[in-house]
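Engineer: Handing you this structure, nothing more for now.
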Amino acid sequence: MKFEKPQYYIELELDAPIETCFKTALNEQEMKKWILDVEDIVYDHSGATKPYHVGSVRQIKMSNGTTIEERINSYQPPQYCGYEIDSMGFVSDLLFSNYQGLMSFEVIDENKTRFTWQGSFDCRGLQKITEPLVRNMVRKVIYKMARNLKDYLANTQNN
């Protein structure tokens, strides 16, 4: 699954089976280990038919006090999970809208997985002036998180 026009597209090989990679990318206890500066992650599955399915909402509370609220909008384990960001905090909500993300997983072999993380968003207000810079900054943040996931999996699989 791919976005038609992603504004960032990151692809990495992860040194773990696809099921492990998928679980590590979505389970809140696992996410806390590879997302830096996170204070807590809480899921609300009341709008979904099953936990972690379409309609599940996760709140990611960052150490700086910001809370990001994401809603799962597509889900096919262990191949992909798509999400949209409903809120990134008051200031960010004034600057960004229509944020969509997609994490995809593909078997390379029994212990390697191709991981892609892609997304798009709109800049609004004053953010439009610096849009190319902002898009590059977001890509760098997502790339760093993807590398953290890769490093975390490599360390846990080898121990």
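Engineer: Within the stretch 84-96, is even one residue farther than 16 Å from D151 by Cα, of a type in the set (V, I, T), touching a residue at least 12 places away in the same chain (Cβ under 8 Å) and in contact with a strand residue (DSSP E or B) (Cβ under 6 Å, 6 or more places away or on another chain)?
Structural biologist: Yes, the stretch 84-96 contains a residue that is farther than 16 Å from D151 by Cα, of a type in the set (V, I, T), touching a residue at least 12 places away in the same chain (Cβ under 8 Å) and in contact with a strand residue (DSSP E or B) (Cβ under 6 Å, 6 or more places away or on another chain).
Engineer: Can you name every residue in the stretch 101-115 that is of a type in the set (K, R) and either under 18 Å from Y9 (Cβ atoms) or surrounded by 21 or more Cβ atoms within 10 Å (Cβ to Cβ) (or both)?
Structural biologist: Result: R114, single match.
Engineer: Still on this structure: Answer yes or no: is there a residue in the stretch 142-157 that is at pLDDT below 90 and of a type in the set (K, R).
Structural biologist: Checked against the condition, which is being at pLDDT below 90 and of a type in the set (K, R), the stretch 142-157 yields no hits at all.
Engineer: Can you tell which of Q118, Q76, Q59 is out of contact with any Lys or Arg (no Cβ under 8 Å at 6 or more places or on another chain) and under 25 Å from L12 (Cβ atoms)?
Structural biologist: Q76
The values are calculated or read from the model by the stated rules, or taken from the named source; none is laboratory data. Just so you know, these numbers come straight off a predicted model, no measurement behind them. Note that we place each Cβ from the backbone using ideal geometry, even for glycine, and neighbour counts take in every protein chain shown.
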